[in-house]
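Accompanying notes for the structure given below.
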Amino acid sequence: MCIRDRVSTQSTWDNAVYLENGEQVKVPKERVLYHTFEREVNMSLNLEGYANRDSLKYIKTYNLQDAATVIRGTLRYKGFCEIVRAFIELGLLESQKVSLEAAEISFAELIDTLLQEGLPNPHNISVELITPILDDQGLVSYGEKAVKILKKVFGNAEYANLEQTQLLKISKRILKTMKFIDAFDTSAQKLKNGGRTILEIFCDHLQKKLVYKPGEKDAVYMQHIFKVLYPNGKKKTITSTLIRFGTEKRSAMATLVGTPTAIATQLVLDGVITKTGVIMPDSREIYEPVLQKLAEVGIVLQEETD
């Protein structure tokens, strides 16, 4: 199993706490992906985000004691949170072992073990209701299973007041995704069971399904927004944005993780950085030369002021 995929998957399902208008806001892990916000990175890109774990620890680190609002969030393409919420409701992020004893199982068979009979159906989801979606996705012969999946997902109380139009929109996205990851095809590639947990098998499956195709590249978006009130009453918003795309040779993630590490290592060897031990890069001795070197290789954040 890929540890990276497991950690990134679990990070979407953890408690969050942040500061908003002087008040601490605590979001239990069950609500984090329902507690989202929109973020316009630029004119052509509008993403969604959610609070990422503990934002309060950064207040002291970055000397933000006077700040009324401090939120550290994760940005994702729109629809991401709906899909991961579905994974959570289906039980795919659970650390319990699979109930099937077979040495190898398909992902569709794993899904079958997670779908109970007699699920509540507050939105009256039926094959008839989702027939247009089933036709569109080529899932007509899997109507009953699709209904079970949607009943389990929409059984969460967070969806209680969901209008039917929105329900069908989300349903289409969920079923399209579930088809892509072979949730209906029992003849698809088998996965090793061997007493592994549901999460381990799921991550192993995603690692195989989400490989980049020829010509596909990743993208990394980072944005810091500072709303400043000066002693003279003047207000200013400073937005700092980084957008990086992968290349044929190297992913954007590899570049943005590996390059600062390589630079810092070289600065240690050159005697520019003299601190030792496991330390945060929050001192000028570390971050100033690293940022300077990053700028020399074109890794910079673009700032705008309103």
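The values are calculated or read from the model by the stated rules, or taken from the named source; none is laboratory data. Keep in mind the model is a prediction, meaning the values are calculated, not measured. Note: ideal-geometry Cβ built from the backbone for every residue, glycine included; neighbour counts use all protein chains shown. The protein model used for the area step is the full one, side chains on, heavy atoms only, and it has no ligands, DNA or RNA in it. Shrake-Rupley method; radii C 1.70, N 1.55, O 1.52, S 1.80 Å.
For the reader, a short list of remarks on this structure follows.
- For segment 139-148, putting each phi into the Karplus relation 6.51 cos²θ - 1.76 cosθ + 1.60 with θ = phi - 60° gives couplings of 10, 4, 6, 10, x, 5, 5, 4, 4, 4 Hz, in residue order, rounded to whole numbers and with x for Gly and Pro.
- Among the protein heavy atoms of the chain, carbon and sulfur supply 51% of the accessible surface, probe 1.4 Å, non-protein parts ignored.
- Computed P(r) (all Cα pairs; segment 64-142; 5 Å bins; percent): 3, 9, 12, 16, 20, 12, 11, 5, 4, 4, 3, 1
- About the Cα centre, charge dipole magnitude for segment 35-154 (Lys/Arg +1, Asp/Glu -1 at Cβ), debye: 660
- When the Cα atoms of segment 164-306 are aligned to their principal axes, the ranges along those axes come out at 61, 46, 32 Å in descending order.
- Three semi-axes describe the equivalent ellipsoid of segment 175-235; taken as square roots of 5 times the Cα gyration tensor eigenvalues and ordered largest first, they are 45, 16, 12 Å.
- The chain - share of DSSP beta bridges that are antiparallel (%, nearest 5): 95
- Here segment 25-169 is treated as a Stokes sphere of Kirkwood radius computed over C-alpha pairs; at 25 °C and 0.890 mPa s its diffusion coefficient rounds to 135 µm²/s.
- With 19 Å as the limit on Cα-Cα distance, the pairs of LYS26/LYS57; LYS29/LYS97; LYS151/LYS179; LYS78/LYS235 that go past it are LYS29/LYS97; LYS78/LYS235.
- In angstrom, the C-alpha Rg and Dmax of segment 115-201 are 14.1, 42.
- Straight-line cross-link partners of LYS148 among the aspartates and glutamates, defined as a Cα under 13 Å from its Cα and at least 8 positions apart when in the same chain: GLU89, ASP112, GLU117.
- Computed helical MRE - 222 nm, the chain, DSSP H runs ≥ 4 contributing -39500 (n - 2.57), nearest 500: -11500 deg cm²/dmol
- Segment 74-117-segment 143-185 distance, computed between alpha-carbon centres (Å): 13
- Residues in the chain average 61 Å² of solvent-accessible surface per residue, probe 1.4 Å, ligands and nucleic acids excluded.
- For the chain, the longest site-free run once GluC sites (Glu not before Pro) in DSSP loop states with at most 10 other Cβ atoms within 10 Å are removed: 1-100
- Our coupling estimate for segment 185-194, obtained by passing each phi through the Karplus curve with A = 6.51, B = -1.76, C = 1.60 and θ = phi - 60°, is 8, 6, 8, 5, 3, 7, 10, 5, 9, x Hz, Gly and Pro reported as x.
- Overall dimensions of segment 24-87 as given by Cα atoms, namely Rg and Dmax in Å: 13.4, 39
- Phi-based couplings in Hz for segment 211-227 (Karplus 6.51, -1.76, 1.60; Gly and Pro marked x): 5, 5, 8, x, x, 7, 9, 8, 9, 10, 10, 9, 9, 10, 10, 10, 9
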